[in-house]
Amino acid sequence: MTTPIDELRTMLAGMDEYERYRLMRRMEIEQSASENDGTPIIECERTPSGLAFDCPYCEVRHFHSLQDDPGGHRAAHCKPDSPLHNGGYILLPIEGKLPPAPVKRRGRRAR
Ligand SMILES: [Zn+2]
């Protein structure tokens with residue numbers, strides 16, 4: 001008999017490292033949103049172009065470029081189909097750099 005856990009295992013096993021990472025990031029953000037009245041807290045790093053994080057919905061790096069940005073609530077730089085698009089997010093700058101994301105495999109499916 002196949003249980004939902006078995007189905008989840010099969011699904012995860014069929015995903016590559018990047019897809020699993022992206023799914024985990026989205027689940028972390030959705031959990032944070034549910035714990036913070038719908039607005040997720042997202043860790044970001046300081047870069048010469050401002051606060052930055054890799055968005056698992058848009059699959060691009062979003063930059064928020066205020067001088068000496070302490071973080072806080074921001075309007076999302078997300079595409080309209082991102083669940084973050086309407087409510088934005090709370091940026092939480094960390095010391096140092098975010099862990100690097102796995103490299104996305106190219107050419108697997110049209111987007
Ligand atoms: Zn985004």
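Counting only strands (runs of 3 or more DSSP E) that sit completely within region 36-91, those holding 1 or more residues that are near the ligand (Cβ under 10 Å from one of its atoms) and not β-branched (V, I, T) correspond to 50-55, 60-64.
Yes/no per residue for (1) surrounded by fewer than 11 Cβ atoms within 10 Å (Cβ to Cβ); (2) in contact (Cβ under 8 Å) with a residue 40 or more places away in the chain; (3) not small (G, A, S):
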position: P40; (1), (2), (3): no, yes, yes
position: P56; (1), (2), (3): no, no, yes
position: H62; (1), (2), (3): no, no, yes
position: D68; (1), (2), (3): yes, no, yes
position: A75; (1), (2), (3): no, no, no
position: K79; (1), (2), (3): no, no, yes
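Restricting attention to region 1-35, the residues that are at pLDDT 95 or above and farther than 18 Å from S82 by Cα add up to 1. Sub-9 Å Cβ pairs linking a first residue in region 1-25 that is closer than 18 Å to P56 by Cβ to a second residue that is acidic (D, E) and assigned to a loop (DSSP other than H, G, I, E, B), at least 6 apart or interchain, are R22/E59, ordered by first then second residue. Screening E30 on (1) under 22 Å from E19 (Cβ atoms); (2) within 14 Å of the ligand (Cβ to nearest atom); (3) of a type in the set (D, E, K, R); (4) over 14 Å from the mean Cα position of the chain (by Cα) shows it passes everything except condition (4). Note on region 61-111: among residues that are among the aliphatic types (A, V, I, L, M) and touching a His at 6+ places or on another chain (Cβ under 6 Å), the one that is nearest to D16 (Cα to Cα) is A76.
Residues in region 1-55 that are β-branched (V, I, T) and in contact with a helix residue (DSSP H, G or I) (Cβ under 8 Å, 6 or more places away or on another chain): T39, I41, I42.
The values are calculated or read from the model by the stated rules, or taken from the named source; none is laboratory data. Everything numeric here is computed off the predicted structure, so don't read it as measured data. Backbone-built Cβ (ideal geometry, glycine too); neighbour counts: all protein chains shown.
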